[in-house]
1. Can you tell me which residues in the range 141-167 are in a loop (DSSP other than H, G, I, E, B) and closer than 22 Å to residue 206 by Cβ?
2. Being polar (S, T, N, Q), in a loop (DSSP other than H, G, I, E, B) and over 23 Å from residue 54 (Cα atoms) is the filter here, so list the residues in the range 191-234 that pass it.
3. Provide a single number: the residues in the range 68-86 that are outside any strand (DSSP E or B), at negative phi and either of a type in the set (Ser, Thr, Tyr) or surrounded by 24 or more Cβ atoms within 10 Å (Cβ to Cβ) (or both).
4. Given the criteria modelled with pLDDT of 95 or more, on the phi < 0 side of the Ramachandran plot and surrounded by fewer than 23 Cβ atoms within 10 Å (Cβ to Cβ), does residue 110 qualify?
5. Among the residues of the range 168-190, which ones are surrounded by fewer than 14 Cβ atoms within 10 Å (Cβ to Cβ) and not in a helix (DSSP H, G or I)?
6. Would you be able to say whether some residue in the range 219-240 is more than 24 Å from residue 4 (Cβ to Cβ), touching a His at 6+ places or on another chain (Cβ under 7 Å) and in contact (Cβ under 8 Å) with a residue 40 or more places away in the chain?
7. Which number in (1) closer than 25 Å to residue 230 by Cα; (2) under 14 Å from the mean Cα position of the chain (by Cα); (3) not in a loop (DSSP other than H, G, I, E, B) marks the one condition that residue 61 misses?
8. Quick check on my filter: what residues within the range 3-39 are in a loop (DSSP other than H, G, I, E, B), open to solvent by 40 Å² or more (accessible area, probe 1.4 Å) and in contact with a helix residue (DSSP H, G or I) (Cβ under 7 Å, 6 or more places away or on another chain)?
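The values are calculated or read from the model by the stated rules, or taken from the named source; none is laboratory data. Keep in mind it's a predicted model, so treat the numbers as computed, not measured. Note that we place each Cβ from the backbone using ideal geometry, even for glycine, and neighbour counts take in every protein chain shown. Protein only, heavy atoms only, side chains kept; ligands, DNA and RNA dropped before computing areas. Shrake-Rupley method; radii C 1.70, N 1.55, O 1.52, S 1.80 Å.
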Amino acid sequence: MAAETGALLIHGLGGTEFDLGLLHKVLAAAGIETHGLTLPGHGTQPQDLVGVRMEDWLEAVALRYRELLPQYQTLHVLGMCMGALLALELCKTEGHAQGRLVTLAAPIFLDGWSAPWYRGLRHALYLVPGVAERMRVQEEDPFGIKSDLVRSIVKAKFARGDNFHYPWVPLACVRQVDRLRARVMRGLGGITCPTFIAHAMEDELTSPKSAHFLAREIPGSQLLLVNNSYHMICVDNDREQVAAGVLEFFGKDPALARTRRSSRRAS
């Protein structure tokens, strides 16, 4: 007999489960069994992203989804950053109807206030043989994080060489994200599962224009805009508000997002 409720959580470009913050634990505390996957080219070294195509990510996500679907009466899909794009395309192509969809900081447009210098030039660079494969796009301050405390923790992790996020990705990988963005933008009206969209007003990578676009294109979707975070909304200042919103959307007690912090303080 299938279990009651599960959730597939999808990390972002160059990332790991760290991208989702405490969502795995918060959802588990609410009785939702969580599952992740390591996207192709991730979990090793940045060089392994060279040659990985959008189709490889989509195939990996679809295989994991199809593996989990028969195991649950309800299976939710949740993605952060590029993982949100993959979640959107998954639910669109698979006709997901056995659960709900959550998108967190989906980069439909790369138009944030701290968007990198190559934003306007990258399409020309893609055409120069070998450049996109050799050029490194570095992770830089503010690392998608407004909280001084959390940002200092992230800096320390990078300094130690912790394998929680790649310090850079090849420009060729950004090209695949551009291909994915263009694909996701088409046919969003075909997503029929209930959809929750969360985004930061100050997202330095992708402005709230992305969230408003999704809210307009996906029928009946719900939108949450948070006011005290940058791109990494699952680990930044508004992480509890985001977690509470996801819990409530899944029909769970949103207070669980706050009681976890209280219990940690008590301990």
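1. Hits for the range 141-167 are 141, 142, 143, 144, 145, 146, 147, 164, 165, 166, 167.
2. The answer is 192, 221, 227, 228, 229.
3. The qualifying residues number 5.
4. When the stated conditions are applied, residue 110 does not pass them.
5. 186, 187
6. Within the range 219-240, none of the residues are more than 24 Å from residue 4 (Cβ to Cβ), touching a His at 6+ places or on another chain (Cβ under 7 Å) and in contact (Cβ under 8 Å) with a residue 40 or more places away in the chain.
7. (1)
8. Within the range 3-39, 22 is the sole residue that qualifies.
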